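In what follows, a structure is listed as C-alpha coordinates, so that the remarks can point back to it.
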Amino acid sequence: MGANPSRAKQLSRAEDRRLAGLARYHAPGWRLDLGPPERFVPDKTLLGFLQRGQTVLLRCQRKDCGRRVEPDLEALVRSGYGHLSSAVLQEALSCSHPLGCGLARPVEAYPRGVPLIAYLAHDGLMISITCVGCRRAVTLTVPAMIDRLIASGRGDASTGMQELARCVRGPCRNCAGGLFEPALLWPQAPGSGA
(Lines give C-alpha, C1' and ligand atoms only; values in the text may rest on other atoms or scores of the structure.)
Protein backbone atom coordinates (compact mmCIF):
# COMPACT_ATOMS: atom_id res chain seq x y z
CA MET A 1 0.00 0.00 0.00
CA GLY A 2 1.53 3.36 -1.03
CA ALA A 3 1.72 6.51 1.02
CA ASN A 4 -0.82 9.22 0.33
CA PRO A 5 1.16 12.14 -1.20
CA SER A 6 -1.72 14.57 -0.59
CA ARG A 7 -1.80 13.71 3.15
CA ALA A 8 2.00 14.07 3.40
CA LYS A 9 1.80 17.50 1.73
CA GLN A 10 -0.92 18.61 4.19
CA LEU A 11 1.18 17.47 7.16
CA SER A 12 4.21 19.27 5.73
CA ARG A 13 2.23 22.52 5.35
CA ALA A 14 0.86 22.25 8.90
CA GLU A 15 4.39 21.69 10.23
CA ASP A 16 5.66 24.71 8.25
CA ARG A 17 2.87 26.90 9.71
CA ARG A 18 3.63 25.70 13.24
CA LEU A 19 7.36 26.37 12.84
CA ALA A 20 6.61 29.81 11.36
CA GLY A 21 4.46 30.51 14.43
CA LEU A 22 7.35 29.57 16.71
CA ALA A 23 9.83 31.64 14.70
CA ARG A 24 8.13 34.90 15.75
CA TYR A 25 9.39 34.24 19.29
CA HIS A 26 13.04 33.87 18.29
CA ALA A 27 15.46 35.93 20.36
CA PRO A 28 19.23 36.48 20.05
CA GLY A 29 21.27 33.84 21.85
CA TRP A 30 18.67 31.12 21.30
CA ARG A 31 18.17 28.57 18.54
CA LEU A 32 15.20 26.45 17.57
CA ASP A 33 15.76 22.77 18.29
CA LEU A 34 13.46 20.72 16.09
CA GLY A 35 13.20 18.10 18.82
CA PRO A 36 10.78 16.50 19.24
CA PRO A 37 9.41 18.50 20.91
CA GLU A 38 10.33 21.67 19.12
CA ARG A 39 11.73 24.20 21.57
CA PHE A 40 14.17 27.05 21.88
CA VAL A 41 17.49 26.13 23.46
CA PRO A 42 20.34 28.42 24.51
CA ASP A 43 23.22 28.86 22.07
CA LYS A 44 26.15 27.64 24.17
CA THR A 45 28.75 29.91 22.55
CA LEU A 46 30.24 32.94 24.29
CA LEU A 47 28.30 35.14 21.85
CA GLY A 48 25.10 33.35 22.90
CA PHE A 49 25.82 34.07 26.58
CA LEU A 50 26.43 37.73 25.78
CA GLN A 51 23.25 38.01 23.67
CA ARG A 52 21.15 36.44 26.44
CA GLY A 53 22.60 38.86 29.01
CA GLN A 54 24.03 35.99 31.02
CA THR A 55 27.13 36.05 33.16
CA VAL A 56 29.66 33.23 33.33
CA LEU A 57 31.58 32.60 36.54
CA LEU A 58 34.30 29.98 37.07
CA ARG A 59 35.60 29.12 40.55
CA CYS A 60 38.45 26.88 41.60
CA GLN A 61 37.33 24.14 43.99
CA ARG A 62 40.80 23.59 45.49
CA LYS A 63 41.22 24.77 49.09
CA ASP A 64 44.73 26.02 48.35
CA CYS A 65 43.61 28.17 45.39
CA GLY A 66 40.08 29.64 45.40
CA ARG A 67 40.64 31.41 42.08
CA ARG A 68 37.56 33.14 40.69
CA VAL A 69 37.22 34.12 37.03
CA GLU A 70 34.38 36.16 35.56
CA PRO A 71 35.39 36.64 31.92
CA ASP A 72 34.54 39.83 30.03
CA LEU A 73 32.28 38.23 27.41
CA GLU A 74 31.97 41.43 25.38
CA ALA A 75 35.76 41.77 25.05
CA LEU A 76 36.11 38.09 24.13
CA VAL A 77 33.44 38.37 21.43
CA ARG A 78 35.03 41.57 20.06
CA SER A 79 38.38 39.75 19.94
CA GLY A 80 36.91 37.01 17.74
CA TYR A 81 36.24 34.33 20.37
CA GLY A 82 32.44 34.49 20.25
CA HIS A 83 32.20 31.07 18.60
CA LEU A 84 33.87 29.29 21.54
CA SER A 85 31.85 27.37 24.13
CA SER A 86 32.10 27.90 27.88
CA ALA A 87 33.75 24.46 28.13
CA VAL A 88 36.55 25.57 25.78
CA LEU A 89 36.91 28.76 27.82
CA GLN A 90 37.17 26.72 31.00
CA GLU A 91 39.89 24.56 29.46
CA ALA A 92 41.79 27.64 28.25
CA LEU A 93 41.67 29.17 31.74
CA SER A 94 42.76 26.03 33.58
CA CYS A 95 45.97 26.23 35.58
CA SER A 96 48.93 23.89 35.87
CA HIS A 97 48.41 22.87 39.51
CA PRO A 98 50.45 19.72 40.31
CA LEU A 99 47.28 17.87 41.31
CA GLY A 100 45.27 19.17 38.37
CA CYS A 101 43.20 22.28 37.88
CA GLY A 102 40.19 22.60 40.17
CA LEU A 103 38.30 25.12 38.04
CA ALA A 104 34.68 23.96 38.28
CA ARG A 105 32.15 23.92 35.48
CA PRO A 106 31.02 27.50 34.77
CA VAL A 107 28.06 28.86 36.70
CA GLU A 108 25.77 30.49 34.18
CA ALA A 109 23.37 33.04 35.66
CA TYR A 110 20.57 35.22 34.32
CA PRO A 111 20.82 38.54 36.20
CA ARG A 112 17.48 39.69 34.71
CA GLY A 113 15.77 36.36 35.37
CA VAL A 114 15.22 33.42 33.05
CA PRO A 115 13.92 34.71 29.70
CA LEU A 116 10.36 33.86 28.72
CA ILE A 117 11.61 32.07 25.61
CA ALA A 118 13.01 29.32 27.85
CA TYR A 119 9.49 28.51 29.07
CA LEU A 120 7.86 28.14 25.63
CA ALA A 121 8.53 24.39 25.58
CA HIS A 122 6.47 23.78 28.74
CA ASP A 123 2.87 23.07 27.74
CA GLY A 124 0.34 24.18 30.32
CA LEU A 125 2.72 26.61 32.03
CA MET A 126 1.03 29.90 32.89
CA ILE A 127 2.32 33.28 34.06
CA SER A 128 0.41 35.12 36.73
CA ILE A 129 0.79 38.89 37.12
CA THR A 130 -0.51 39.94 40.54
CA CYS A 131 -1.16 43.47 41.81
CA VAL A 132 0.79 43.94 45.03
CA GLY A 133 -1.91 46.26 46.44
CA CYS A 134 -5.12 44.25 46.02
CA ARG A 135 -3.78 40.81 44.97
CA ARG A 136 -5.88 40.80 41.77
CA ALA A 137 -4.19 38.49 39.28
CA VAL A 138 -4.20 38.10 35.53
CA THR A 139 -3.05 34.73 34.22
CA LEU A 140 -1.75 34.18 30.68
CA THR A 141 0.02 31.44 28.77
CA VAL A 142 3.68 32.09 28.00
CA PRO A 143 3.03 32.74 24.27
CA ALA A 144 0.17 35.13 25.14
CA MET A 145 2.43 37.03 27.57
CA ILE A 146 5.16 37.35 24.93
CA ASP A 147 2.59 38.46 22.33
CA ARG A 148 1.35 41.20 24.72
CA LEU A 149 4.89 42.38 25.43
CA ILE A 150 5.66 42.57 21.71
CA ALA A 151 2.36 44.36 20.93
CA SER A 152 2.96 46.95 23.66
CA GLY A 153 6.61 47.46 22.67
CA ARG A 154 7.70 46.82 26.28
CA GLY A 155 9.45 43.51 25.77
CA ASP A 156 9.73 40.32 23.79
CA ALA A 157 10.66 36.65 24.22
CA SER A 158 14.03 37.62 25.72
CA THR A 159 12.39 39.50 28.63
CA GLY A 160 13.48 37.96 31.91
CA MET A 161 11.04 36.93 34.64
CA GLN A 162 12.58 39.43 37.10
CA GLU A 163 12.03 42.35 34.73
CA LEU A 164 8.51 41.29 33.75
CA ALA A 165 6.88 43.30 36.56
CA ARG A 166 8.40 46.53 35.18
CA CYS A 167 7.03 45.73 31.72
CA VAL A 168 3.41 45.53 32.90
CA ARG A 169 1.38 48.64 32.26
CA GLY A 170 -0.55 49.95 35.22
CA PRO A 171 -2.53 51.09 36.94
CA CYS A 172 -4.35 48.06 38.31
CA ARG A 173 -7.98 47.99 37.10
CA ASN A 174 -9.16 47.09 40.59
CA CYS A 175 -7.22 49.39 42.95
CA ALA A 176 -5.22 51.70 40.62
CA GLY A 177 -1.99 50.34 42.12
CA GLY A 178 1.16 50.35 40.06
CA LEU A 179 3.27 47.54 41.54
CA PHE A 180 3.00 44.03 40.14
CA GLU A 181 4.72 40.71 40.76
CA PRO A 182 5.02 37.88 38.26
CA ALA A 183 4.89 34.18 39.09
CA LEU A 184 5.08 30.95 37.15
CA LEU A 185 2.13 28.57 37.55
CA TRP A 186 3.33 25.09 36.66
CA PRO A 187 0.70 22.58 35.53
CA GLN A 188 -0.32 20.02 38.10
CA ALA A 189 0.59 16.41 37.43
CA PRO A 190 -2.43 14.14 36.93
CA GLY A 191 -3.38 12.43 40.18
CA SER A 192 -1.26 14.78 42.32
CA GLY A 193 -4.27 15.75 44.39
CA ALA A 194 -3.52 19.43 43.98
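The values are calculated or read from the model by the stated rules, or taken from the named source; none is laboratory data. What you are looking at is a predicted structure, and each value in this text was computed from that prediction instead of being measured. Ideal geometry is used to build each Cβ from the backbone, glycine not excepted, and the neighbour counts take in all protein chains shown. Just the protein is used for accessible areas: all its heavy atoms, side chains included, with ligands, DNA and RNA removed. Shrake-Rupley method; radii C 1.70, N 1.55, O 1.52, S 1.80 Å.
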Give the shape of segment 108-159 as rounded, prolate or oblate, defined through the alpha-carbon gyration tensor: a ≥ b ≥ c are the square roots of its eigenvalues, a/c under 1.5 means rounded, and otherwise the shape is prolate if a/b is larger than b/c and oblate if not. rounded
Which listed residue (Gln54, Leu73, Gly35) has the Cα farthest towards the positive end of the charge dipole for segment 17-87, taking +1 on Lys and Arg C-beta and -1 on Asp and Glu C-beta about the Cα centre? Gly35
Computed about the Cα centre, the charge dipole of the chain from +1 Lys/Arg and -1 Asp/Glu charges at the Cβ has a magnitude in debye, to the nearest 20, of 380 debye
Per-residue SASA entry for His97, accessible area with 1.4 Å probe, Å² rounded to 10: 50 Å²
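Report the gain in length on full extension from Lys63 to Thr141: 0.36 nm times residue separation, minus Cα-Cα distance, nm rounded to one decimal.
Stretched fully, the Lys63-Thr141 segment lengthens by 23.4 nm.
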Cβ-defined net charge surrounding Ala176, 15 Å radius [Lys, Arg +1; Asp, Glu -1]: +4
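Could you size up the charge dipole of segment 107-163 around its Cα centre, putting +1 on the beta carbon of Lys and Arg and -1 on that of Asp and Glu, and report it in debye to the nearest 20?
320 debye
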Segment 22-106, accessible surface, carbon-and-sulfur percent (1.4 angstrom probe): 53 percent
Taking the Cβ of Gly133 as the centre, find all other residues whose Cβ is under 12 Å away and add up their charges (Lys, Arg: +1; Asp, Glu: -1). +2
For segment 38-145, what size does the Cα cloud have along each of its three principal axes, sorted from largest down, in whole Å? 59, 32, 25
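What accessible area per residue comes out for segment 62-164, rounded to a whole number of Å², with a 1.4 Å probe?
Ligands and nucleic acids excluded, the figure is 56 Å² per residue.
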Calculated from backbone phi, Karplus (6.51, -1.76, 1.60) coupling profile of segment 109-124 in Hz, x at Gly/Pro: 10, 10, x, 9, x, 5, x, 4, 4, 5, 9, 4, 6, 9, 5, x
Please compute, over every Cα-Cα pair in segment 19-64, the percentage with a separation greater than 14 angstrom. 59 percent
Between the modelled labels at Ala104 and Arg166 (7 Å from Cα along Cα→Cβ) the distance in nm is 2.9 nm
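In whole percent, how big is the carbon plus sulfur part of the accessible area of segment 119-169, probe 1.4 Å, protein atoms only?
In segment 119-169, the share of accessible area belonging to carbon and sulfur is 48 percent.
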Rounded to whole Hz and in sequence order, give me ³J(HN,Hα) for segment 30-35 from the Karplus expression 6.51 cos²θ - 1.76 cosθ + 1.60, θ = phi - 60°, writing x for Gly and Pro. 10, 9, 7, 9, 7, x
For a quick check: with amide H placed at 1.01 Å from N, whose amide H comes under 5 Å from Phe40's, ignoring anything fewer than 5 positions away on the same chain? Asp33, Ala121
Here the convex hull volume per residue of the chain, taken over Cα atoms and given in Å³, is 254 Å³
Net charge within 11 Å of Ala27 by Cβ-Cβ distance, Lys/Arg positive one each and Asp/Glu negative one each, not counting Ala27 itself? +1
